[in-house]
Amino acid sequence: MKKLFCVAILWTALLSALGPTRVANAAQNKQLEVFSWWTSGGEAMALESLFQAYKNKYPGVEVLNAAVTGGGGSAARPVLQTRLAAGDPPDVWQVHPGHELFGQYVQGDYCVPVTVLYRSEGWDRVVPQGLIDRVSKGSEIYAVIAGVHRGNVLWYNKKVLEKYKIEVGDTLSFEQFFSAAQKLKAAGVVPLAMGDAGLWATAQLFENTLLGVLGPKGWQELFGGQRMFDDPRVKEAARLYGRMLDYQNADHSALSWDQAVRRVIHGKAAFTAMGDWAYSELVKAGLKESHNFGWVSFPGTEGTFLVVADGFTLAKDAPNIAEAVAWLEMVGSKEAQEAFNALKGSIPVRTDVDKGKLDIYQQWSMASFQHDALLASCVHGEAAPATFQRELNDAISMFVADRNVERFTGALVQAAGASGLLK
Ligand code: GAL
């Protein structure tokens, strides 16, 4: 009964926030707390563009940036969980679709649907249904998607490759990568810059290798529980991942992902494997796409788009509900989507954005999104429960040290069973 009463109050608050008075509500001496893990140079710059757009519209609202440093959100999520469990939620927070959204926040009753916004703002007409489905349960939608990253990209410094007469075409196979890497290593150049101070970065290298070996069908079978983690193809991927690791920088575990990108920016390394949030670091450093740097699908993954979508969800007991709703409306607006994604490296989710405003990389990524197989990332929360992700990180950290394929895949089989992934 009490719960029903609370939900009724929340809905009244949400609906009134959507009414004509909302701008007035968000006018004076108000606050809005936004939680994310966007703190690298490029991420912070993109987040700031959202803050600016919001402040321009609601100058009376003080925006509190509650970002917690650490790529991939591995440091941020525990902080958020502690706050949510203590009844101290930020108004809105960054979230990935799928398991992360539903397993950690919807199931825990920490956030409320924003379905009504999709109707009032007309997003249901301009956001592809496939994306809406990723943040929906039943008839309710639980997040506003700010942009979609492509997780399976290999970036390179053009000048370095030119110097060593290495050409990268429209695709790059594993063997082509290894032959380039061998040449670079022999010349004393670090072939692959990695920064796995946050384990997720090397887990992502494995994830991409796995996708490159399994292909879209195998990927869906694996994360749909129809293929085991000790499948011969998974073992093959583990071996290839081990070979990749042979070409990384010796100090990889001391660097963050963006410090690794900087190695490529400064020509200290040739390649880095990273989702396209790396793009914002490259551009922020003043590098020109296609001139100073290039990209290609991670080996074996051409024709697939590993989706890493970033959304914001609304706290159930948001302390500043009107301001929070105004934030979500702004994030979903055409203007904000164009400005934010240009800086972030992701693509807007709205089909009505001015594509002429997108740069070469984004056009490439958007074409891939339209034509390729769309798959959910495990490392970025969508394809598997958080418990599996944590076990994967542990298994990866062991594998980096011992390269024992049997032990590694055995640990993943166990983790898949224990986390409910096989159901
Ligand atoms: C992902 C997130 C991206 C980017 C990246 C590195 O999980 O979706 O927006 O921030 O982490 O921090």
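The set of residues in segment 64-95 being under 23 Å from Q259 (Cα atoms) and either acidic (D, E) or not in a loop (DSSP other than H, G, I, E, B) (or both) consists of N65, G71, G72, G73, A76, R77, Q94. When you scan segment 115-126, do you find a residue that is over 16 Å from W327 (Cα atoms), touching a helix residue (DSSP H, G or I) at 6+ places or on another chain (Cβ under 9 Å), surrounded by 23 or more Cβ atoms within 10 Å (Cβ to Cβ) and at pLDDT 95 or above, even just one? No; the residues of segment 115-126 include none that is over 16 Å from W327 (Cα atoms), touching a helix residue (DSSP H, G or I) at 6+ places or on another chain (Cβ under 9 Å), surrounded by 23 or more Cβ atoms within 10 Å (Cβ to Cβ) and at pLDDT 95 or above. Restricting the search to segment 300-349, which residues are within 29 Å of Q204 (Cα to Cα) and of a type in the set (D, E, K, R)? Listed by number, the residues that qualify are E302, D310, E338, K344. Determine whether D91 is of a type in the set (D, E, K, R), under 22 Å from E382 (Cβ atoms), more than 13 Å from the ligand (Cβ to nearest atom) and at pLDDT 95 or above. In short, no.
The set of residues in segment 265-279 being of a type in the set (A, V, I, L, M, F, W, C) and away from the ligand (no atom under 16 Å from the Cβ) consists of I265, A269, A270, F271. Annotation: of all residues in segment 151-181 being in contact with an Asp or Glu (Cβ under 8 Å, 6 or more places away or on another chain) and not aliphatic (A, V, I, L, M), the one that is farthest from S290 (Cα to Cα) is G151. So for segment 185-199 (the condition being in a helix (DSSP H, G or I), surrounded by fewer than 18 Cβ atoms within 10 Å (Cβ to Cβ) and free of Cβ contacts under 8 Å to residues at least 12 places away in the same chain), does at least one residue qualify? Within segment 185-199, one or more residues are in a helix (DSSP H, G or I), surrounded by fewer than 18 Cβ atoms within 10 Å (Cβ to Cβ) and free of Cβ contacts under 8 Å to residues at least 12 places away in the same chain.
Looking only at helices (runs of 4 or more DSSP H) that fall completely inside segment 321-422, which ones have 3 or more residues that are β-branched (V, I, T)? Here the list reads 321-331, 386-402, 405-419. Annotation: of all residues in segment 155-171 being surrounded by 21 or more Cβ atoms within 10 Å (Cβ to Cβ) and under 24 Å from the mean Cα position of the chain (by Cα), the one that is nearest to S368 (Cα to Cα) is W155.
Does segment 350-389 hold any residues that are β-branched (V, I, T), closer than 18 Å to G311 by Cβ and more than 16 Å from the ligand (Cβ to nearest atom), and which are they? Answer for segment 350-389, where residues must be β-branched (V, I, T), closer than 18 Å to G311 by Cβ and more than 16 Å from the ligand (Cβ to nearest atom): T351, V353. When we screen R233, R239, R243 for residues that are basic (K, R) and either buried (at least 17 other Cβ atoms within 10 Å of the Cβ) or under 28 Å from G98 (Cα atoms) (or both), the only hit is R233.
Output the number of residues of segment 280-320 satisfying the condition of being assigned to a strand (DSSP E or B) and either at positive phi or hydroxyl-bearing (S, T, Y) (or both). Looking only at that region, the number is 3. Within the option set L392, L421, being away from the ligand (no atom under 16 Å from the Cβ) and crowded, with 21+ Cβ neighbours inside 10 Å holds for one residue only, L421. Considering segment 308-367, the residues that are among the basic types (K, R) and at pLDDT 95 or above include one that is surrounded by the most Cβ atoms within 10 Å (Cβ to Cβ), namely K344.
Of all residues in segment 359-385, which are of a type outside the set (D, E) and in contact with an Asp or Glu (Cβ under 7 Å, 6 or more places away or on another chain)? Answer for segment 359-385, where residues must be of a type outside the set (D, E) and in contact with an Asp or Glu (Cβ under 7 Å, 6 or more places away or on another chain): I360, Y361, S365, A376, S377, C378, V379, G381.
The values are calculated or read from the model by the stated rules, or taken from the named source; none is laboratory data. Quick caveat: nothing in here was measured; it's all calculated off a predicted structure. Ideal geometry is used to build each Cβ from the backbone, glycine not excepted, and the neighbour counts take in all protein chains shown.
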